[in-house]
Amino acid sequence: MKESAAILACGIHVPRLRLSRARIAAETAWLSAPARPTPPGERAIGNWDEDALTMAVGAAREALAGRSATPPATLAFCTTTAPFADRDDAGLVAATLALPETTATQNNGGSLRAGTRALIGACAAAGKEATLVIASDQRLARIGSTQEFAYGDAAAALLVGKAGESAPLATVLATHARGSDFVDHYRMAGARFDYALEERWVRDESFLKIVPRTIGELLTAVAVNPADVRHLAAPLGAGLARRIAQVSGLANASVDERLQRACGDAGTAMPLLEILAALARAAPGEMLVAIGLGQGVDALLLRAEAGAPRAAAALERALERRREETSYLRYLSHRGLVEVDFGMRAERDQRTAHTVAYRKRAAVSAFVGGRCERCGTVQFPLARVCVNPQCRATDTQQPHRLADSTGRVKTFTEDWQAFAPRPPYVYGNVEFAEGGNLLMEFTDVESGELAVGDPVRFEFRIKDEDRARGFRRYFWKATRV
């Protein structure tokens with residue numbers, strides 16, 4: 001059995017906001033028969049300033065945190081809900097992570113298998129280079145639809161490298177893929193919503209036939225007894241996953257019951273999240289099978305290693321950081337599913353000066369400021385002259401990344417007059433832990449929640465949108481620790 005690839009690190013980003021499925025059912029009860037059952041649990045929903053790209057950045061930052069080794073040679077961004085149709089989204093993600101401009105970037109989409117396809121490709125290249133695979137999705141659903149109950153927003157990142165490195169989460173023992181133009185759902189170019197086919201037909205013809213066949217081919221190729229597999233990572237509900245395990249001969253395989261209930265179906269990110277959920281349950285040495293679905297099946301055989309508990313820690317952090325969204329209408333507004341009149345205050349031109357954005361890209365994308373070599377003063381943005389009045393040295397600034405720093409609230413304002421998609425507009429002065437101050441926006445805070453002195457960290461978020469020219473801008477915001 002050839003062991004050439006390993007999962008070295010992981011990161012998960014689940015938005016803080018959660019919408020109860022019971023609330024969705026209550027708000028849409030008039031659309032359906034009274035006997036319609038309400039699915040249990042809640043779904044993760046992005047704030048107005050979150051999308052597939054910002055969630056990808058959040059997961060990737062966690063995967064790379066504390067790693068002083070050589071940065072990944074390749075970054076693969078996998079999603080079916082990329083914010084740009086013609087822009088290197090993966091390149092922007094790499095820029096926010098301050099990766100070298102020599103980093104190869106890949107944009108993968110077109111199928112919910114995009115994440116597992118990139119993962120298999122990363123395993124094939126692991127002997128030569130490390131790859132950061134990030135899968136993220138924020139799918140829209142029609143009001144009152146089955147998908148509205150089922151979908152959730154999330155991102156997962158896996159750093160894949162050569163087997164044999166110290167304390168990996170898992171070793172990839174084998175991979176196998178089977179293509180099949182089996183359409184269980186689709187979304188045409190330019191459409192906002194998925195169209196799903198009849199569930200029983202999909203289950204009987206795809207999930208219970210093509211998937212077991214692919215798992216069988218995977219295990220046969222490496223002479224592994226299905227009964228020796230202890231976990232199945234499948235982007236499906238627990239009941240259907242158990243049926244697949246039974247049909248595939250995985251008699252001893254456990255399945256995840258938490259992610260669908262606490263987060264929802266996160267599209268391309270779901271197979272990677274399920275892998276991490278399986279590793280969170282696995283003891284070192286136990287084997288798991290992971291599958292990706294979408295016009296075919298990807299299958300991977302992995303063995304949990306000593307670093308597997310890090311997956312459990314990442315999962316707990318992601319799921320426990322939550323706040324309930326109490327307004328269904330506000331959720332619809334954030335998704336653009338209802339049009340709200342914010343008044344004349346929202347009528348302003350948000351045109352982007354792309355020349356300035358390019359010249360200031362290190363500051364805007366990677367949140368790089370400056371540190372004076374003479375007195376150590378930190379400032380943002382980087383400038384020729386030190387802001388310390390006792391220094392004022394010229395050309396002594398060295399780039400200093402602030403994205404991974406922390407800070408505290410010095411002052412703040414809750415502005416109910418300025419436009420904000422989630423009023424109030426909260427902004428103020430933040431003091432960085434290493435010194436230096438910046439007036440910036442706060443995110444994921446409610447009215448009355450912020451206080452002077454609160455510790456903060458920094459998140460990459462949507463700044464605003466130029467609707468006249470169809471462009472989305474991003475920047476860093478402060479959020480309470």
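The values are calculated or read from the model by the stated rules, or taken from the named source; none is laboratory data. Nothing here was measured: the structure is a model prediction, and the numbers come from that model. Please note: Cβ atoms are built from the backbone with ideal geometry, for glycine as well, and neighbour counts cover all protein chains shown.
Observations, loosely collected:
- Cross-chain or 6+ apart pairs with Cβ under 7 Å, the stretch 248-268 first and polar (S, T, N, Q), then in a loop (DSSP other than H, G, I, E, B) and buried (at least 23 other Cβ atoms within 10 Å of the Cβ): Thr268/Thr79; Thr268/Leu112
- Consider the stretch 72-98 and keep the residues that are without any contact (Cβ under 8 Å) to a residue 40 or more places away in the chain and more than 18 Å from the chain's Cα centre (by Cα). The one that is surrounded by the fewest Cβ atoms within 10 Å (Cβ to Cβ) is Asp86.
Here's the yes/no breakdown for (1) at pLDDT 95 or above; (2) closer than 13 Å to Ile45 by Cβ:
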| position | (1), (2) |
| --- | --- |
| Ala311 | yes, no |
| Ala314 | yes, no |
| Leu319 | yes, no |
| Glu325 | yes, yes |
| Tyr331 | yes, yes |
| His334 | yes, yes |
| Glu339 | no, no |
| Met344 | no, no |
| Glu347 | no, no |
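- Lone qualifier among Thr81, Thr96, Thr74 - being among the polar types (S, T, N, Q), under 22 Å from Arg461 (Cα atoms) and touching an Asp or Glu at 6+ places or on another chain (Cβ under 8 Å): Thr81
- Residue among Pro235, Pro271 that alone is at pLDDT 95 or above, surrounded by 19 or more Cβ atoms within 10 Å (Cβ to Cβ), touching a Pro at 6+ places or on another chain (Cβ under 6 Å) and not in a loop (DSSP other than H, G, I, E, B): Pro271
- Test: Arg359 is in contact (Cβ under 8 Å) with a residue 24 or more places away in the chain and either surrounded by 11 or more Cβ atoms within 10 Å (Cβ to Cβ) or under 30 Å from Val378 (Cβ atoms) (or both): no
- Criterion: in a strand (DSSP E or B), of a type in the set (Ser, Thr, Tyr) and farther than 22 Å from Gly41 by Cβ - qualifying residue of Thr175, Thr220: Thr175
- The stretch 430-472, residues that are over 23 Å from Pro399 (Cα atoms), touching a Ser or Thr at 6+ places or on another chain (Cβ under 8 Å) and surrounded by 13 or more Cβ atoms within 10 Å (Cβ to Cβ): Phe442, Thr443, Asp444, Val445, Ile462, Asp466, Phe471
- Within the stretch 379-434, the residues that satisfy the criterion of being assigned to a loop (DSSP other than H, G, I, E, B), of a type in the set (A, V, I, L, M, F, W, C) and more than 25 Å from Ala94 (Cβ to Cβ) are Ala383, Cys386, Val387, Cys391, Ala393, Trp416, Ala418, Phe419, Ala420, Ala433.
- Annotation: of all residues in the stretch 169-219 being more than 30 Å from Leu279 (Cβ to Cβ) and aromatic (Phe, Trp, Tyr), the one that is modelled with the highest pLDDT is Phe193.
- Applying the criterion of being of a type outside the set (Val, Ile, Thr), in a helix (DSSP H, G or I) and touching a helix residue (DSSP H, G or I) at 6+ places or on another chain (Cβ under 8 Å) to the residues of the stretch 99-148, the residue that is farthest from Ser4 (Cα to Cα) is Glu148.
- Scanning the stretch 1-45 for residues that are hydroxyl-bearing (Ser, Thr, Tyr), out of contact with any Lys or Arg (no Cβ under 8 Å at 6 or more places or on another chain) and either part of a loop (DSSP other than H, G, I, E, B) or more than 24 Å from Arg330 (Cα to Cα) (or both) returns Thr28, Ser32.
- Taking every residue in the stretch 117-138 that is closer than 18 Å to Val289 by Cα and pairing it with any residue that is of a type in the set (Phe, Trp, Tyr), at least 6 positions away or on another chain, the pairs with Cβ-Cβ distances below 9 Å are Ala118/Phe77.
- Test: residue in the stretch 340-347 that is touching a Ser or Thr at 6+ places or on another chain (Cβ under 8 Å), outside the structural domain of Arg472 (by TED's automatic domain parsing) and outside any helix (DSSP H, G or I): yes
- Test: residue in the stretch 152-168 that is of a type in the set (S, T, N, Q) and surrounded by fewer than 24 Cβ atoms within 10 Å (Cβ to Cβ): yes
- Check on Ala63, aliphatic (A, V, I, L, M), crowded, with 22+ Cβ neighbours inside 10 Å and not in a helix (DSSP H, G or I): no
- Considering (1) within 25 Å of Ala22 (Cβ to Cβ); (2) out of contact with any helix residue (DSSP H, G or I) (no Cβ under 7 Å at 6 or more places or on another chain), the lone condition that Val255 does not fulfil carries the number (2).
- For Gly109, the stated conditions do not hold, so it cannot be described as buried (at least 19 other Cβ atoms within 10 Å of the Cβ), assigned by TED's automatic domain parsing to the domain that holds Asp265 and within 30 Å of Tyr328 (Cα to Cα).
- Screening Gln417 on (1) over 34 Å from the mean Cα position of the chain (by Cα); (2) farther than 17 Å from Glu434 by Cβ shows it passes everything except condition (1).
- Of all residues in the stretch 370-401 being within 35 Å of the chain's Cα centre (by Cα) and among the charged types (D, E, K, R), the one that is surrounded by the most Cβ atoms within 10 Å (Cβ to Cβ): Arg371
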